[in-house]
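Here, each number is a calculation from the coordinates, and none is a lab measurement. Bear in mind the structure is a predicted one, so any value in this text is a computation, not a measurement. Virtual Cβ from ideal backbone geometry, glycine too; neighbours counted across all protein chains shown.
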Amino acid sequence: MTDPDDPAATGAEAPAAAIPTEAVPAEAVPPDAAQAAAGQSDPKAVFRRYLDSGRDALLFKLEDASEYDVRRPLTPTGTNLLGLVKHLSGVEAGYLGECFGRPVPEMPAWYAEMGSDDSEPNADMWATADESQESIVELYQRVRAHADRTIDELDLTAPGTVPWWGPDAGEVTLQRLLVHVIAEEQRHLGQADIVRENIDGAVGLRAGVSNLPDESEQWWADYHRRLQQTAEQFRQ
């Protein structure tokens, strides 16, 4: 079966035992030794490590940013930090909850209305004035805990369905939807990286881990200028 959101996919579902369990780069793993040790032998724990790393990094992008900065749109299509957290709350609630008959209790109205004829486009991609940063983060943490229970209580081969993929999508497994959620989380985390850097220059995976060369401000200014000068050679 071909994945509706991945035209290149063959549809073959890899068995859980085939999931790689090789060592993960230290900078990509939450600083939890017990979790890291388990992740070397348990395929489900490998998924959790990558999922939790992205979740934690996303929330890190909100740290020390003002209420204004977490809300303001920094791309022509409105990408903003708090909206990304809100959106991913809906992503996890759907793929790691509803798709397995395990709906998250007391989800907000915008989630229930998504996909309906009356729903506002992109309602999950920004926080209204009535939605505080604290309430969005609390929702994200609550959905995260619910999704974790799904991961803990179901086998990777547990069947589910994705109604919004259409009637021809057929059954999926927890393994497949974990991969889907991790991929989507990382995609939006990359957006959050760029948005936050454009707000105040803050970068990194977590406190003390920038994932960038340890160079001076002058080095980075020179580097930026060098890239711009190179690009100018190709300006039409």
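Could you tell me which residue of region 74-93 is farthest from V172 (Cα to Cα), considering only residues that are of a type in the set (S, T, Y) and assigned to a loop (DSSP other than H, G, I, E, B)?
First pass over region 74-93, keeping only residues of a type in the set (S, T, Y): 75, 77, 79, 89.
The next check asks that each one be assigned to a loop (DSSP other than H, G, I, E, B); those that pass are 75, 77, 79.
Working: T75: 34, T77: 31, T79: 30 Å.
Filtering region 74-93 for residues that are of a type in the set (S, T, Y) and assigned to a loop (DSSP other than H, G, I, E, B), the one farthest from V172 (Cα to Cα) comes out as T75.
How many residues, within region 105-133, are under 18 Å from the mean Cα position of the chain (by Cα), buried (at least 16 other Cβ atoms within 10 Å of the Cβ) and not small (G, A, S)? First the steps, then the outcome.
Within region 105-133, the subset under 18 Å from the mean Cα position of the chain (by Cα) is 111, 122-127, 133.
Add one more test, that the residue is buried (at least 16 other Cβ atoms within 10 Å of the Cβ), and what stays is 111, 123-127, 133.
From the residues that got through so far, the ones that are not small (G, A, S) too are 111, 124-126, 133.
Number satisfying all stated conditions: 5.
Would you pick out the residues in region 206-236 that are part of a helix (DSSP H, G or I), acidic (D, E) and loosely packed, with under 10 Cβ neighbours inside 10 Å?
Listed by number, the residues that qualify are E217, E232.
So, Y140, is that one farther than 20 Å from N80 by Cβ and among the aromatic types (F, W, Y) or not? Can you show your working first?
Details: farther than 20 Å from N80 by Cβ: no; among the aromatic types (F, W, Y): yes.
Taking the combined requirement at face value, the residue does not satisfy it.
In region 94-129, how many are part of a helix (DSSP H, G or I), farther than 16 Å from V172 by Cα and hydrophobic (A, V, I, L, M, F, W, C)? So that I can check it myself, show each step before the final result.
Going residue by residue through region 94-129, those that are part of a helix (DSSP H, G or I) are 94-95, 98-100, 109-113, 123-125.
This time we only want the ones that are farther than 16 Å from V172 by Cα, so: 109-113, 123-125.
With hydrophobic (A, V, I, L, M, F, W, C) added as a condition, the list becomes 109-110, 112, 123, 125.
Adding up the residues that qualify gives 5.
Which condition number in (1) surrounded by 10 or more Cβ atoms within 10 Å (Cβ to Cβ); (2) among the acidic types (D, E); (3) without any contact (Cβ under 8 Å) to a residue 40 or more places away in the chain is the one that D200 fails?
(3)
Please go through region 134-166 and give me each residue that is touching a residue at least 60 places away in the same chain (Cβ under 8 Å), crowded, with 16+ Cβ neighbours inside 10 Å and part of a helix (DSSP H, G or I), ordered by number.
V137, Y140, R144, D148, I151
Checking the condition within 21 Å of T161 (Cβ to Cβ) and surrounded by fewer than 19 Cβ atoms within 10 Å (Cβ to Cβ), which residue from G90, G101 passes? Don't jump to the end; show me each part of the working.
On the way: G90 fails: surrounded by fewer than 19 Cβ atoms within 10 Å (Cβ to Cβ).
Answer to the check: G101.
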